[in-house]
Amino acid sequence: MVRRTEVLVIGGGPAGLAAGIAARLKGLEVTVADGAKPPIDKACGEGLMPQTIMSLRELGVSIHPSDGSEVQGIRLIDGTASVEARFPAMAGLGVRRTVLHQRLLERAKECGVSLLWNSPVSCLAADGAIVGRATIQPKWVVGADGIRSRVRRWIGLDAVSQKHIRFAHSRHYRMQPWTNCVEIHWGRNSQIYVTPLLAGETCVVLVSRDPEMRFEDAWREYPQLADRLRSAEVSSAQRGAITATYSLGRVYRQNVALTGDASGGVDAITGEGLGLSFRQAIALSSALKMGELERYQAEHRRLARRPLLMSQLLLFLSRNPRLRRRAFEKLERDPALFARLLAMHANENSYSEIAAATARLGWQFLTV
């Protein structure tokens, strides 16, 4: 059987569904294919930054306050040093990954996206893509199949630069959250992210450069957090994932474009992965409508610039604990600076404010 579509999206996770929704909003006929079936889960910090929520709204995806727990800001904790700042314009939200996927799925159906589940794409060829037992002939192909993207390999764009890989493991605990912030606890060789969720549930994610590290190995570096969680009921199976910071020289070839983690990545420490993929989806839809993927290439590069810079900075701090501790202590004494840096990270301030905060941060590091 042969069928035609204007846009074939390979990968039905959040990045793929967002790409499908955005293209459909431009009036394009869209088919999304994935070898799995919903809901698609993944080890994830599950905190949506304010900018991410704004991108979802632009896609028409309804994330209600009742879907999660309001997140007011970010708290960084390293031993006895603790730095906290609030989001300046609007709150974020702690939302289970499965709930987010369901909301994207509902919006995709509402828009008229054709969804093919349990339908792995086995190859791309000149006469179309083999999807399950059928052949689909698209005008455009979007690879949204994640960090190990086969689409990226098929079109010969697998060469990456500055790849930094880390390993994540997530668990959920049945307990009342003790904070309305996303907490990032820093250890010698790892971080643990804590995100308050709905209905007395808390998401805890361990990220480390060590592929063998598990929660049981890490607790000794986080005694206070371990004490909090010791008596809490574990409410989900432990899930693992890879998080990576890397970029590609190009994100399209001929009529095939990449988006989400398939097109490059930022470390989970930034909290930017999902939001970046949603902004890429919006940019890609405009390029597909105009038939000019070079426009997407340029916009993709622009969108990734700030998250990549933030990822590199935070990974540098993770590898230099003495420098990090001194920097945290200085930020404790200057909380307004951390607030301005958070606003810069959330992209909610002006370029002049970014320049001022960057200069002030540079001075802090010079005096460490």
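The values are calculated or read from the model by the stated rules, or taken from the named source; none is laboratory data. Just so it is clear, the structure is predicted and the values come from calculations on it, not from any experiment. Please note: Cβ atoms are built from the backbone with ideal geometry, for glycine as well, and neighbour counts cover all protein chains shown.
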Can you give me the number of residues within the stretch 53-72 that are under 27 Å from residue 187 (Cβ atoms), surrounded by 20 or more Cβ atoms within 10 Å (Cβ to Cβ) and in contact with a Lys or Arg (Cβ under 9 Å, 6 or more places away or on another chain)? 1
Of all residues in the stretch 214-240, how many are surrounded by fewer than 18 Cβ atoms within 10 Å (Cβ to Cβ) and aliphatic (A, V, I, L, M)? 4
Any chance residue 103 is in contact with a His (Cβ under 9 Å, 6 or more places away or on another chain) and not in a loop (DSSP other than H, G, I, E, B): yes
Kindly provide the set of residues from the stretch 330-343 that are assigned to a helix (DSSP H, G or I), in contact (Cβ under 8 Å) with a residue 24 or more places away in the chain and either polar (S, T, N, Q) or surrounded by fewer than 17 Cβ atoms within 10 Å (Cβ to Cβ) (or both), ordered by number. 332, 335
What pairs can you find where one residue is in the stretch 88-114 and assigned by TED's automatic domain parsing to the domain that holds residue 31 and buried (at least 16 other Cβ atoms within 10 Å of the Cβ), the other is part of a loop (DSSP other than H, G, I, E, B) and aromatic (Phe, Trp, Tyr), and their Cβ atoms are less than 9 Å apart, with a gap of 6+ or different chains? none
Are there any strands (runs of 3 or more DSSP E) wholly within the stretch 148-201 with 2 or more residues that are more than 17 Å from the chain's Cα centre (by Cα) and under 17 Å from residue 238 (Cβ atoms), and if so which? 160-174
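Rundown of residues vs (1) at pLDDT 95 or above; (2) in a helix (DSSP H, G or I), yes/no style:
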| residue | (1), (2) |
| --- | --- |
| 210 | no, no |
| 228 | no, yes |
| 244 | no, no |
| 257 | yes, no |
| 282 | yes, yes |
| 287 | yes, yes |
| 313 | no, yes |
| 322 | no, yes |
Is it the case that some residue within the stretch 245-253 is in the same structural domain as residue 27 (by TED's automatic domain parsing), in contact with a His (Cβ under 6 Å, 6 or more places away or on another chain) and farther than 24 Å from residue 193 by Cβ? yes
Search the stretch 276-309 for residues being closer than 11 Å to residue 251 by Cβ and in contact (Cβ under 8 Å) with a residue 60 or more places away in the chain, and hand back the single one that is surrounded by the fewest Cβ atoms within 10 Å (Cβ to Cβ). 280
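Please verify whether residue 15 is part of a loop (DSSP other than H, G, I, E, B) and closer than 24 Å to residue 239 by Cβ, treating the condition exactly as stated. Before you say what the answer is, go through the steps one by one.
Numbers: part of a loop (DSSP other than H, G, I, E, B): no; closer than 24 Å to residue 239 by Cβ: yes.
In short, no.
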Matching residues in the stretch 131-152 - criterion: being aliphatic (A, V, I, L, M) and surrounded by 16 or more Cβ atoms within 10 Å (Cβ to Cβ): 131, 136, 141, 142, 144, 147, 151
Out of (1) outside the structural domain of residue 264 (by TED's automatic domain parsing); (2) surrounded by fewer than 22 Cβ atoms within 10 Å (Cβ to Cβ); (3) touching a strand residue (DSSP E or B) at 6+ places or on another chain (Cβ under 6 Å), the one residue 155 does not meet is (1)
Breaking point among (1) crowded, with 20+ Cβ neighbours inside 10 Å; (2) at pLDDT below 95, for residue 79: (1)
Output for the stretch 246-255, where each listed residue is assigned to a strand (DSSP E or B), in contact with a strand residue (DSSP E or B) (Cβ under 8 Å, 6 or more places away or on another chain) and at pLDDT 95 or above: 252
Looking at the stretch 73-99 only, could you name the residues that are part of a strand (DSSP E or B) and among the aliphatic types (A, V, I, L, M)? 74, 76, 77, 81, 83, 85, 93
